[in-house]
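Every number in this text was worked out from the coordinates using simple rules, so none of it is lab data. As the structure is a prediction and not an experimental result, all values here were calculated from the model.
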Amino acid sequence: MRPESGSPVLGARSGATEATAAPGAIGAPATARRRSRLAHPVLLMAAIVLASLNMRAALASVAPLVGEIAAQYGLSSTAGSLVTSVPVLFLGAGALVAPWLGRRFGVEPVLLAALVLLGAGILVRVLPSLYALYGGGVLVGTAIALLNVLMPGLIKRDFPDRAAPMTSLYTGAMIAGATVVAAASVPLEDAFGGSWEASLAFWSLLAALAAVAWLPQVLLAKGRTGPKGRTGQGRTEPNGRAGQGRRPYGGDGGRPVAADAPARSVWRSALAWQVTLFMGLQSLWTYVLIAWMPTIFTDHGMSRSTAGVLFAFNTLTQVAGAFAVPLLAGRMRSQRPLVVLVTTLVAAGYAGLLAAPVQGAWLWSALLGVGQGGGVGLALTLIVLRARDAVTASRLSGMAQTVGYLLAAAGPLVAGAVHQATGSWTVPIVLVLGVCATALVVGLLAAGDRKV
């Protein structure tokens, strides 16, 4: 079925497919039909959603079980925080190489490789060794970094006129995956006879399923772009006309960028740094909760099962913010009201944990959840909205997630160390409230109607 003109995804994918089948080539009609089936937008959407489900799952699965992991290996609070901090640290380190890998090998093959690496990292992490525990975390963090960085560029490239709704879809799927995993971790542990290793290893199946879903996209990309999959040959504009010799990420709003267009350095842009700092600070407040929220509740007398349910509820409420905020952001010239909204919600939730952690646990979890989901959705949407084109979106995504996650990695580690030194969660929570205030300031700067 031929796509309608004006559909950026259908036009780009199917038009590119037709362009690769030269008239008169042996087997060209059959090849074109096969590639047309691979290019079906439902397959692309399914691949994006399945990859997104994995972008938090391997991290969320650890938090409800960190107590058992620390007990088995005899870890202190600081050392135990490394179980969650190491993957976050490599979210930043892996983001350094993600844009280069995408340009060198093509986005689709790198996303597939990232999912395979993620599944391997999950399995390595449960081997009976402390080195494997942390080494698997390195693999998990690196794999998720590749997914994190390349997804905004893919969205900007294939959905140039629907960037905000697609960001809403994949951030919502990302948090939905984390919700299911957080809720299921302890029940799975019980189902596997008290084995936290089996509970964690189970989620490698989700990565494997997503990898299978990306295979058609890799085959399509290979047929479209040639053996090395690095050029933009055969990509089309939204009107369905095939473009020749384009960059792999098209131009602003789907317009092609000339191959000799000068590259803009995002690292020299003040706006890029504002987007980056907002990305990092909202990640920091989130990863502190991923690492320590269940522990905060149990340290105040709550049962471990109830704390796990509350953690899952917190993750579930993030879906609302992750879906709604990017949609609203895409309709606004300035996203400053949304910056105020998400930072206020998160600050109110942390203040509640400080004042009455158990008594108002459900309310604080809900406020934090909507704020967290809205924060990550807004941060990812700002990357797309502030970028002039898909090339810039990829580079800005790499910068924001490299620096942002390196900054965020300090959160769980510092919170655990301060808790161990003071014997209380008061000082760590006060420090995070300071993070919220700083995020408000840089977020207001980043949310203005400008382009990097």
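Numerical summary
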item: Convex hull of Cα atoms in the stretch 336-375, direction-averaged projection (nm²); result: 2.3
item: The stretch 379-428 - convex hull of alpha carbons, volume per residue in Å³; result: 66
item: Global geometry of the stretch 100-207, whether rounded, prolate or oblate, following the gyration tensor of its Cα atoms and the 1.5 cut on a/c; result: oblate
item: Cα convex hull volume per residue for the stretch 279-394 (Å³); result: 92
item: In sequence order, calculated HN-Hα J values of the stretch 355-362 (Karplus, 6.51, -1.76, 1.60; Hz; x Gly/Pro); result: 7, 8, x, 8, 4, x, 4, 5
item: Vicinal HN-Hα couplings computed from phi for the stretch 86-94 (Karplus, 6.51 cos²θ - 1.76 cosθ + 1.60; Hz; Gly/Pro x); result: 4, x, 5, 4, 7, 4, x, 5, x
item: Mean shadow area of the stretch 111-169, taken as a quarter of the surface of its Cα convex hull (nm²); result: 4.2
item: Overall form of the stretch 331-416 per C-alpha gyration tensor (a/c, 1.5; a/b vs b/c); result: oblate
item: Three-way shape call for the stretch 48-129 based on the alpha-carbon gyration tensor, with the a/c threshold at 1.5; result: prolate
item: In order through the stretch 43-60: 3J(HN,Hα) via Karplus (6.51 cos²θ - 1.76 cosθ + 1.60), integer Hz, x for Gly, Pro; result: 5, 5, 4, 5, 5, 5, 5, 5, 5, 5, 4, 8, 6, 10, 4, 5, 7, 5
